[in-house]
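What follows is calculated from the coordinates using simple rules that are stated; it is not laboratory data. As the structure is a prediction and not an experimental result, all values here were calculated from the model. As a convention, Cβ positions derive from the backbone with ideal geometry for all residues, glycine included, and neighbour counts pool all protein chains shown.
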Amino acid sequence: MQRLINYFFKALEFLVVLCLFAMVVMVFGNVLMRYAFNSGILISEEMSRYAFIWLTYLGAMIAMREGGHLGVDTLVKHLPLLGKKICVFLSESLMLFCNALFLWGTYQMHELQVTNIAPVSGISMIWIYGIGYVVAVVMGAFNVTKLYKLFTGQLSEDELIQVVETEGLKEAEAQLHTDPKSGART
């Protein structure tokens, strides 16, 4: 199962790269056409906007898997074990609730988006906003998995702090607490 999940996220990473590449080509091509030939490609503006929407949602799913979303752990890392568990429960439950709302909202707007046609490309807008189904289910699955691990005691104390340290941050914090004259930690 883990292997299948890894392939799924590799495919998502490929789609992110593909969206970014398509955006660069379309926007650069349109700028070149307007500047050099005083014309443009109408569909490139619309499609680059849609690629950006998909890129954002795909990137959010990848970041959730890697624990790369922004967070503040100032309070949580100073709490006792029970406090950390309560914070993880609250944050995962609230995110799961938001994902459920996102899924419900996407479902509620489904009929409208199916019949709503993009002005230039002529595609159904469900192809753009239907990504909400995938995002809500994938991110919700991560929330449910984390809650399951919390309730079954499979999370270590380090995993209860959900913020991933930026590379080099620990070394910078260590330097701040080191006396510059003697080199000793303060």
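Among ARG3, ARG65, the order by Cβ neighbours within 10 angstrom, fewest to most, reads ARG3, ARG65.
Under the simplified labelling scheme, the PHE97-ASN6 pair shows an inter-label distance of 3.7 nm, with each label point 7 Å from Cα along Cα→Cβ. Straightening the chain between PHE89 and THR74 buys 3.7 nm, computed as 0.36 nm per residue apart minus the Cα-Cα spacing. Subtracting the Cα-Cα distance of LEU15 and PHE52 from 0.36 nm times their residue separation leaves 12.2 nm of extension gain. Helix 42-66 against the longest principal axis of the chain: what's the angle in degrees, Cα atoms only, rounded to the nearest 10? The answer is roughly 20 degrees. In this label model, ILE41 and VAL114 are separated by 3.2 nm, measuring between points 7 Å along each Cα→Cβ vector. All distinct Cα pairs of the chain go into the 1/r average, and the inverse of that average, the Kirkwood radius, is 20.1 Å. Rounded to the nearest 10 degrees, the angle from helix 131-151 to the longest Cα principal axis of the chain is 10 degrees.
Relative to the longest principal axis of the Cα atoms of the chain, the long axis of helix 2-37 lies at roughly 50 degrees.
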